[in-house]
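The values are calculated or read from the model by the stated rules, or taken from the named source; none is laboratory data. Here the structure is a predicted model, which is why all the values come from computation and not from measurement. Please note: Cβ atoms are built from the backbone with ideal geometry, for glycine as well, and neighbour counts cover all protein chains shown. When the accessible area is computed, the model is the full protein with side chains, heavy atoms only, and any ligands, DNA or RNA have been set aside. Shrake-Rupley method; radii C 1.70, N 1.55, O 1.52, S 1.80 Å.
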Amino acid sequence: MEEALGREEIVEKPTLTQEQAGQLIVRLYGFTVQSLRPLDSYDDLNFHVTVKNNSSWPHGYTMKVTNGTDSKHKDLIEVQTQMMTFLEDRGFPVPRVVPNRHGELMSLENLKGDDIGSYSGNMVRLLTYLPGTVYHDVPMTPALAYEAGRFLAKLHEALDNFSHPALHRPDYLWSLTGLNRLENYLHCLKDDRPKELIREVIEVFREEVLPRVGELPQGVVHGDFTATNVLVNEEPSSSGKDIICGLLDFGDAIFDPYVFDLGIALLHLMSVVRRIRSRLEGSLWQDLKAYVP
């Protein structure tokens, strides 16, 4: 997230060796590390950790080291924990934050931020690791698209009863309400051909959508229901049928129009479906059909 509270900030991803990460696990959580490997991440640092003599959660844990910029906004990290706890209590497959040795759900650590020796405060959390395959890596079927739409609709329905003042951030960079700000980044495109089309889309959005945003049903949304944040697995009772078994990364949660969250989900569904046009349209229709029966 390059813009935590509406202003552009340089986000510096923390650096930590696997050995240092293991030492952090021992110091903060008292676990004996059995294995540790880095996980893909955008601007944070994540590790999958398995520990010895642990029967309470055999899948291991994700140690998440938040970048120094976002670590300054403790309330936004706290609300992620509260949101995950709220959803887990209602049966949703989401990670659970594990308290450290001091009973705290997160710890601010001074970790190295770059190669020249500077340090920054980074929030460190340990979350239960959810097994499964990311949405991006499984064959998309109409049935799975329907499952995704149904899951998202149930998520929105549940979150209708969740609120937090930190989630009201109208200037957040990744909210679609700020779509017009993409104009400031068009110079980054090397190919000039799509620029005019993008400008036209932005102009239509600015003139026809933004003035009516207040009329749209709104609530707390995940904000990043994408191909790498949704986990799927084969349903045990039905061979060959994939179901959603996990939802990750609540860092983009926001109070926003529900249709924006649905739009993000559909966009990433399109990135997963790389087949003929009719198959794409069929999958998109199934996703919408499940969301709005």
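Mind checking which residues of region 248-270 are at pLDDT 80 or above, assigned to a helix (DSSP H, G or I) and open to solvent by 50 Å² or more (accessible area, probe 1.4 Å)?
Once the filter is applied, which keeps residues that are at pLDDT 80 or above, assigned to a helix (DSSP H, G or I) and open to solvent by 50 Å² or more (accessible area, probe 1.4 Å), region 248-270 yields V259, L267, H268.
Report yes if some residue within region 271-288 is in a strand (DSSP E or B) and either charged (D, E, K, R) or at pLDDT below 85 (or both); otherwise report no.
Checked against the condition, which is being in a strand (DSSP E or B) and either charged (D, E, K, R) or at pLDDT below 85 (or both), region 271-288 yields no hits at all.
Which one is nearest to V204 (Cα to Cα) among residues in region 161-181 that are hydroxyl-bearing (S, T, Y) and not in a helix (DSSP H, G or I)?
S175
Restricting to region 137-160, what's the tally of residues that are assigned to a helix (DSSP H, G or I) and open to solvent by 70 Å² or more (accessible area, probe 1.4 Å)?
Of the residues in that region, 5 qualify.
What's the total number of residues in region 167-193 that are surrounded by fewer than 12 Cβ atoms within 10 Å (Cβ to Cβ) and closer than 25 Å to D261 by Cβ?
So the answer is 2.
Please verify whether L126 is open to solvent by less than 60 Å² (accessible area, probe 1.4 Å), closer than 21 Å to V230 by Cβ and either touching a residue at least 60 places away in the same chain (Cβ under 8 Å) or in contact with a helix residue (DSSP H, G or I) (Cβ under 6 Å, 6 or more places away or on another chain) (or both), treating the condition exactly as stated.
no
Which condition number in (1) surrounded by fewer than 20 Cβ atoms within 10 Å (Cβ to Cβ); (2) more than 18 Å from the chain's Cα centre (by Cα) is the one that P14 fails?
Checking P14 against (1) surrounded by fewer than 20 Cβ atoms within 10 Å (Cβ to Cβ); (2) more than 18 Å from the chain's Cα centre (by Cα), the one that fails is (1).
Taking only pairs six or more apart or across chains, which ones have beta-carbon atoms under 8 Å, a first residue in region 245-272 that is over 20 Å from E215 (Cβ atoms), and a second residue that is assigned to a helix (DSSP H, G or I) and among the polar types (S, T, N, Q)?
What qualifies is F250/Q80; G251/Q80; A253/Q80; L269/S283.
Of the numbered conditions (1) within 30 Å of E208 (Cβ to Cβ); (2) open to solvent by 20 Å² or more (accessible area, probe 1.4 Å); (3) in contact with a Leu (Cβ under 8 Å, 6 or more places away or on another chain), T133 satisfies every one except a single condition; which is it?
It is condition (1) that T133 fails.
Scan region 60-95 residue by residue and report those that are over 24 Å from R169 (Cα atoms), in contact with a His (Cβ under 9 Å, 6 or more places away or on another chain) and open to solvent by 20 Å² or more (accessible area, probe 1.4 Å).
The one that is over 24 Å from R169 (Cα atoms), in contact with a His (Cβ under 9 Å, 6 or more places away or on another chain) and open to solvent by 20 Å² or more (accessible area, probe 1.4 Å): T62.
Return the total of residues in region 15-47 being within 17 Å of P99 (Cα to Cα), hydroxyl-bearing (S, T, Y) and in contact with a Leu (Cβ under 9 Å, 6 or more places away or on another chain).
Looking only at that region, the number is 1.
For region 96-112, indicate whether the set of residues that are in contact with a Ser or Thr (Cβ under 8 Å, 6 or more places away or on another chain), closer than 15 Å to L247 by Cα, free of Cβ contacts under 8 Å to residues at least 60 places away in the same chain and surrounded by 14 or more Cβ atoms within 10 Å (Cβ to Cβ) is non-empty.
Yes, because at least one residue in region 96-112 is in contact with a Ser or Thr (Cβ under 8 Å, 6 or more places away or on another chain), closer than 15 Å to L247 by Cα, free of Cβ contacts under 8 Å to residues at least 60 places away in the same chain and surrounded by 14 or more Cβ atoms within 10 Å (Cβ to Cβ).
Test of understanding: among S41, S55, which residue is exposed (fewer than 13 other Cβ atoms within 10 Å of the Cβ) and either in contact with a helix residue (DSSP H, G or I) (Cβ under 7 Å, 6 or more places away or on another chain) or modelled with pLDDT under 90 (or both)?
After applying the criteria, what remains is S55.
For region 205-244: of the residues being in contact with a Pro (Cβ under 9 Å, 6 or more places away or on another chain), at pLDDT 95 or above and within 29 Å of R125 (Cβ to Cβ), which is surrounded by the most Cβ atoms within 10 Å (Cβ to Cβ)?
Top of the filtered list is V221.
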